[in-house]
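Right, one structure below, let's go through it.
No lab work stands behind these numbers, since they all come straight from the coordinates. It should be emphasised that the depicted structure is a prediction, and the values quoted were computed from it without experimental measurement. Because the Cβ atoms are built from the backbone with ideal geometry, glycine has one as well, and the counts that use them run over all protein chains shown.
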Amino acid sequence: MKHIKLLAFLFIATLTFTACSDDETLPEEEHEEEVITNMDIVLTPQSGSVVYLSSEDLDGEGGVDPTITGGTFAANTTYTGVITLTNKAEDPHHDITEEIEEHADEHQFFYSASAGLSSTFAYAGANDSNGNPVGLSFTVTTGDAGTGTYTVTLRHEPNKTAAGVKDGDITNAGGSTDIEIVFPITIQ
């Protein structure tokens, strides 16, 4: 009988200790990675024609290659760009741009031009809560005529205080790439 009482006490004690847990020891909820199927960029010059760049990859990485539409820019012109990101694999479509705005401290866009293009990029629009750029809005100033590519990269959790990152240099940014698109570009 003593053994039964002792076993019952140990069983109840075990249940009590395992049922109580310290919330601080639970793993932190991870932010689910965004699924981005579409990147659309509208570039508006001070005067002249608007340029639209787009990428669509409904099946994600691998499988069918994305459909990428580049653009033709006027030489020696400044354009204001606005990026929209969407997950069109969901029905209804999910606006990822809103998530980027909500988690601005965790995201930053980077822009670069290939060797054949004379172009400079600058951040515009809203910054994150620490005053660092996000890059959903930007400007690009074209130089002389040429052909090449523009690469647009969204980094998740970059080190925004690393050297050059605030100015758009991806070299020391770290983090992980949420999406990177290479657009064919002509400047004429």
Point-charge dipole on Cβ atoms (K/R +1, D/E -1) for region 75-120, about Cα centre, debye to 20: 520 debye
Could you list which residues have their amide H under 5 Å from that of ALA173, counting only those 5 or more apart in sequence or on another chain, with H placed in the peptide plane? none
Step by step: find N for region 34-187, compute 2.2 N^0.38 Å, then divide the Cα radius of gyration by it. What's the final number? 1.01
Only four residue types carry charge here, +1 at the Cβ of Lys and Arg and -1 at the Cβ of Asp and Glu. Report the dipole size of region 86-188 about the Cα centre in Debye, rounded to the nearest 20. 540 debye
Label-point gap, in nm, between ALA145 and GLU157 - each point 7 angstrom along Cα→Cβ: 4.8 nm
Nearest 0.05, what FRET efficiency do VAL82 and ASP105 give at R0 = 25 Å with Cβ-Cβ as r? 0.75
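Using DSSP to call loops (not H, G, I, E or B), can you name the GluC sites (Glu not before Pro) in region 66-159 whose Cβ has at most 10 other Cβ atoms within 10 angstrom?
When the GluC sites (Glu not before Pro) of region 66-159 are filtered for loop state and at most 10 Cβ neighbours within 10 Å, GLU90 remain.
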Rg to Rh quotient for region 82-146, alpha carbon positions, Kirkwood Rh: 1.08
Between ASN130 and THR69, with labels modelled 7 Å along Cα→Cβ, what's the label distance in nm to one decimal, could you check? 3.7 nm
Could you work out the relative contact order of region 34-187? I mean the mean sequence separation of Cα pairs under 8 Å and 6+ apart, divided by the number of residues, in percent. 23 percent
